[in-house]
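The values are calculated or read from the model by the stated rules, or taken from the named source; none is laboratory data. These numbers were taken from a predicted model, which means no experiment stands behind them. FYI the Cβ positions are ideal-geometry reconstructions off the backbone, even for glycines, and counts take in every protein chain you see.
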Amino acid sequence: MKKALIILLVFAGLVSCNNNNRFSVSGSIKDAEGDTLYIEHTGLLKTTVLDSVKLGSTGDFSFKSTRPKYPDYYRLRLKDKIIAFTVDSCEDITINSKLTNFATDYQLTGSQPSLEIQKLRKSVMNIQKKANELTSDLSSEVRNAKIAVIEKDIEAHKEMARKLILQNPRSTAAYFALYQKVNNTYLFSPYIKSDKPYCSAVATSFNEYMPEYERTKNLYSLVLDAIRTERQAKDKESWNKVLEENGVGYINISLPDKNKKTQNLSDLVGKMILIDFSAYENEQSVDYTFALRELYNKYHSRGFEIYQVSLDRNKMLWEKSVANIPWVCVRDENGPNTIAASSYNVSSIPTTFLMDKKGSIIGRSLNLEELNREISKGL
């Protein structure tokens, strides 16, 4: 009976929300008679005014608007002060405040994430206030002391935000926390190692439940770029270490071609070489091979060579595919598990390395335009 009652209540709430399809924000702003109060939608790229009202002696106001498809952000604006809040579905939110301290000392009901946003904003506003006190006329001692306090406050704020994110990474408050700034600098960044887990948690959670949401796509793309950047930095560090230990600007590769003849990368030094790790079994191999052939035909007579390491698993498919390939193409019996790929830190295919005539690697995974420019310059 109890379970059935809960289901009925939930169903009734859904029906009510679907019938209404709107959210409301109402309340009272004291001591603001004659001033105009605005309700605005805070989009990913711009803020849009939805409605406004000129406040009377009581300060009462009431706004209604179509509920968003995905949880989104809104604000009340009075002069240059704002109250930020979030709308998930068809909430009835009540906000009471007064002109003095309008943006901080307000009472809000009807949205728990909005209360968390209030706490986050109040914390950052206090930090920003201290940052604004860092004027040029301060002595170094006073300035450093103030900076130390600000750094301590920022860490305390971030610890509060981290707990909020871990508690519910799918909440709009968690997302809001990632985009707060002090002196126009984000407090969280996926490019900072200690911040990345929290940015990733929100991005992953949003992507799981709202993959088509523009905010999800934006954050998820940012986190993926940070991961790629970190991986590239690690690859470069590993690569430099290998080169240093190897004593030359490249790592030699000795593998058999389709005729079982051993082809040494070192034998080509003196030419400009594109070292290519790819596989003919890939769907894009036809277009990719045409692009390589275009480069080869254009520059081969001037001293350009391609040394292609096949990572194909199927030897017969590879042999058939390279039957008419004019450049050097080799394959390890271990296929994609060749030590050559691991030596060059190849984590995806195709991956290319451009080597100059002196045997120094001058580019990794350059696009076609960049390859044309660098090859032409080096020949």
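Give the range 262-320 a look and list any residue that's among the aromatic types (Phe, Trp, Tyr) and either closer than 22 Å to Ile349 by Cβ or touching a Lys or Arg at 6+ places or on another chain (Cβ under 6 Å) (or both), or say none.
Taking the range 262-320 and keeping what is among the aromatic types (Phe, Trp, Tyr), we get 277, 280, 288, 290, 296, 299, 304, 307, 318.
Listed by number, the residues that qualify are Phe277, Tyr280, Tyr288, Phe290, Tyr296, Phe304, Tyr307, Trp318.
Identify the residue in the range 293-321 that is crowded, with 21+ Cβ neighbours inside 10 Å and aliphatic (A, V, I, L, M) and, among all such residues, is nearest to the chain's Cα centre (by Cα).
This residue is Leu311.
Let's see how each residue does on (1) exposed (fewer than 13 other Cβ atoms within 10 Å of the Cβ); (2) closer than 15 Å to Leu178 by Cα; (3) not hydrophobic (A, V, I, L, M, F, W, C):
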site	(1), (2), (3)
Gln112	no, no, yes
Leu120	no, yes, no
Val124	no, yes, no
Asn132	yes, no, yes
Ser136	yes, no, yes
Arg143	no, no, yes
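Considering only the range 268-280, I want to know if a residue exists there that is within 25 Å of Arg373 (Cβ to Cβ) and either part of a helix (DSSP H, G or I) or outside the structural domain of Arg364 (by TED's automatic domain parsing) (or both).
Checked against the condition, which is being within 25 Å of Arg373 (Cβ to Cβ) and either part of a helix (DSSP H, G or I) or outside the structural domain of Arg364 (by TED's automatic domain parsing) (or both), the range 268-280 yields at least one hit.
Looking at the range 79-86, can you tell me whether even one residue there is modelled with pLDDT under 95, over 23 Å from Asn21 (Cβ atoms) and in a helix (DSSP H, G or I)?
Checked against the condition, which is being modelled with pLDDT under 95, over 23 Å from Asn21 (Cβ atoms) and in a helix (DSSP H, G or I), the range 79-86 yields no hits at all.
Do we find a residue being at negative phi, part of a strand (DSSP E or B) and at pLDDT below 95 anywhere in the range 48-62?
Taking every residue of the range 48-62 in turn, none turns out to be at negative phi, part of a strand (DSSP E or B) and at pLDDT below 95.
Considering Glu370, Glu374, which residue is exposed (fewer than 13 other Cβ atoms within 10 Å of the Cβ) and either at pLDDT 90 or above or not assigned by TED's automatic domain parsing to the domain that holds Asn297 (or both)? Steps first, answer last, please.
Details: Glu374 fails: exposed (fewer than 13 other Cβ atoms within 10 Å of the Cβ).
After applying the criteria, what remains is Glu370.
Can you name every residue in the range 179-197 that is within 17 Å of Tyr220 (Cβ to Cβ) and surrounded by fewer than 22 Cβ atoms within 10 Å (Cβ to Cβ)? Break it down into steps so the answer makes sense when it comes.
Start the filter on the range 179-197 by keeping residues that are within 17 Å of Tyr220 (Cβ to Cβ), which leaves 179, 186, 188-191, 195-197.
Passing the criteria: Tyr179, Tyr186, Phe188, Ser189, Tyr191, Asp195, Lys196, Pro197.
I'd like the full set of residues that are part of a helix (DSSP H, G or I) and either in contact with a Cys (Cβ under 9 Å, 6 or more places away or on another chain) or modelled with pLDDT of 90 or more (or both), limited to the range 246-267.
Within the range 246-267, the subset part of a helix (DSSP H, G or I) is 246, 265-267.
Result: Leu265, Ser266, Asp267.
When you look at Lys119, is it touching a residue at least 60 places away in the same chain (Cβ under 8 Å) and not aliphatic (A, V, I, L, M), yes or no?
no
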